[in-house]
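Input: a single structure, listed below in structure tokens.
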Amino acid sequence: MEFQLAKMVQEQVEKAVNCIAIPGHIHDILKCPMRMLKVSFPVRMDDGRVVCFTGFRCQYNNILGPTKGGVRYHPEVNEDEIIALAAWMTWKCALVDLPYGGAKGGVVCDPTSLSERELERLTRRFTTEIMPILGPHSDIPAPDVFTTSKTMAWMMDTFSMFKGYTEPAIVTGKPEVMGGSLGRKQATGRGVAIVTRELYKKLAKSLKGATVAIQGFGNVGGHAALFLAQMGAKIVAVSDSSCGFIDYNGLPVAELMECVEKHKCLSEYNKLNSCNRDEILYQNVDILIPAALENQIHKDNIEKIKASVISEGANGPTTPEADDVLEKRGTYVIPDILANAGGVIVSHLEWVQAPSGLYWEEEEINQRLEKRLVRTFDNVWKKSKEKKVSLRTAAYIISIEKIAEVYSYRGLFP
Ligand code: NAD
């Protein structure tokens, strides 16, 4: 198979490596994933049939600590995507100074066509298959596209049943009642809003009345909309895979979120006329937030993108060719490894709380999240000015330099 997304991460890394001096062998180590497990496993369906599924878990690099990354259920999950997502997790954790390496997992399936019981059996069997490489000190999953806190509860229960004791630190993004951190569900969207606000501050602009379009009104996109609206921005266009809505007077974000919570898609909202979901990307707005999947802003649609700020809620939404055009155009792109890092920051807080069973108030969680993201944004901004590079390349430079420094201390085994 052609590894397009993994190649895309390499191109992003290459750009940063060209601006700094790191030993060649460190760059070589960082070109490939440390470990990639591909599994095939049977699941009994509700009607008695047995269906075989394919799943992956990639641990990209663990020089900074146990690997951390979500699990995705989607028909288009593939090895290339999982490697790229695990690599981005590696750079993200290094950037925001967490003691984690990067990982990602996924199962090729259409979760919308599976019943709750089928999803549970699939999750439990997938967890069993990847268990040899999971552990609270080796690899810790979390939710991602089409997986939720319930998925994490099944993973945690399956792991615990095998071990013979309850192990809450094996996953993050659990339901709050079983040790999930307060604020985790909102954290990624909150983070997107915080870094967008920080960019506006640096540009000496006000978010009040700034128009925002959001592609992907799921967990990340919905919460980003909510927090940006609270900061004074006007959410004028949103989409999910079912449809899009546009209203330059401002959309009713809370109502739309309620609709998605209840019906799982935007198309059930019937108080507004819907439009084609792709129209959302091309609106004449100040801020565009791609919060769905990879490869959404590319060479074939870049000329139609009008926003002057892009805040990447999704992982890998902009291809390197599109990125080059945006850089020349002077569009500010807050890169995914910074913009959507709020989730893993609060996941880390959840993981830290788990062994002690002592849980912080939501206010404390949100303050810690805010502080870390504001500090990181400032570092990235300064690095981009110092090296005269984009925010993305600046973010990679910080991550790569950190990882290279840790290699220089740890050395190579044996
Ligand atoms: P989600 O499943 O809650 O939401 C994804 C949304 O995207 C859904 O509304 C879906 O309908 C929509 N979508 C899919 N294809 C689309 C298309 N072509 N056009 C418009 N909408 C489309 O998932 P999520 O957790 O919000 O994750 C979204 C992105 O954010 C992913 O790239 C994920 O890797 C990234 N991310 C998530 C987290 C997290 O904490 N959940 C953290 C970091 C990064």
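The values are calculated or read from the model by the stated rules, or taken from the named source; none is laboratory data. Everything quoted here is computed from the prediction, not taken from an experiment. Don't worry about glycine lacking a Cβ; one is built from the backbone with ideal geometry, like all the others, and counts go over all protein chains shown. Each accessible area value is taken on the protein alone, full model and side chains, heavy atoms only, with ligands, DNA and RNA left out. Shrake-Rupley method; radii C 1.70, N 1.55, O 1.52, S 1.80 Å.
Remarks
- The set of residues from the range 57-73 being of a type in the set (S, T, N, Q) and outside any strand (DSSP E or B) comprises just one member, ASN62.
- Inspection of the range 201-213 finds no residue satisfying the criterion of being touching a strand residue (DSSP E or B) at 6+ places or on another chain (Cβ under 8 Å), part of a helix (DSSP H, G or I) and away from the ligand (no atom under 15 Å from the Cβ).
- As a summary of the residue check, ILE235 satisfies the conditions (1) within 24 Å of the chain's Cα centre (by Cα); (2) within 12 Å of the ligand (Cβ to nearest atom) except for the one numbered (2).
- Of all residues making up the range 144-173, the number that are closer than 15 Å to ASN219 by Cα, crowded, with 21+ Cβ neighbours inside 10 Å and among the hydroxyl-bearing types (Ser, Thr, Tyr): 2
- Among the residues making up the range 327-363, those that are more than 16 Å from the ligand (Cβ to nearest atom) and either at positive phi or free of Cβ contacts under 8 Å to residues at least 60 places away in the same chain (or both) are LYS328, ARG329, GLY330, THR331, VAL352, SER356, GLY357, LEU358, GLU363.
- Among residues of the range 248-262 that are over 14 Å from ALA229 (Cβ atoms), those with a Cβ under 8 angstrom from a residue that is aromatic (Phe, Trp, Tyr) and open to solvent by 20 Å² or more (accessible area, probe 1.4 Å), sequence gap 6+ or separate chain, pair up as CYS259/TYR269.
- For ALA322, the conditions (1) open to solvent by less than 20 Å² (accessible area, probe 1.4 Å); (2) within 13 Å of the ligand (Cβ to nearest atom); (3) of a type in the set (Gly, Ala, Ser) are fulfilled apart from (2).
- Among the candidates ALA213, ALA204, residue that is buried (at least 21 other Cβ atoms within 10 Å of the Cβ) and either farther than 12 Å from ASP286 by Cβ or in contact (Cβ under 8 Å) with a residue 40 or more places away in the chain (or both): ALA213
- For the range 148-196, a residue qualifies if it is of a type in the set (A, V, I, L, M), assigned to a loop (DSSP other than H, G, I, E, B) and over 17 Å from the mean Cα position of the chain (by Cα), and exactly one does: LEU182.
- Residues of the range 74-94 include at least one that is in contact (Cβ under 8 Å) with a residue 60 or more places away in the chain and part of a strand (DSSP E or B).
- Take the conditions (1) touching a helix residue (DSSP H, G or I) at 6+ places or on another chain (Cβ under 6 Å); (2) not in a strand (DSSP E or B); ALA103 misses just one of them, which is (2).
- Which listed residue is at pLDDT 95 or above, within 13 Å of the ligand (Cβ to nearest atom), buried (at least 17 other Cβ atoms within 10 Å of the Cβ) and over 24 Å from VAL346 (Cα atoms), from PRO75, PRO141, PRO111: PRO111
Results for (1) assigned to a helix (DSSP H, G or I); (2) in contact with a Pro (Cβ under 6 Å, 6 or more places away or on another chain); (3) farther than 25 Å from GLY70 by Cβ, shown as yes or no for each residue.
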| position | (1), (2), (3) |
| --- | --- |
| LEU251 | no, no, yes |
| GLU255 | yes, no, yes |
| CYS259 | yes, no, no |
| LYS271 | no, no, yes |
| ILE280 | yes, no, no |
| ILE289 | no, no, no |
| ASN295 | no, no, no |
| ASP300 | no, no, yes |
| GLU303 | yes, no, yes |
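- When restricted to residues that are open to solvent by 70 Å² or more (accessible area, probe 1.4 Å) and assigned to a helix (DSSP H, G or I), the range 349-386 contains 9.
- From the list GLY105, GLY189, GLY135, the lone residue that is touching a residue at least 60 places away in the same chain (Cβ under 8 Å) and buried (at least 24 other Cβ atoms within 10 Å of the Cβ) is GLY189.
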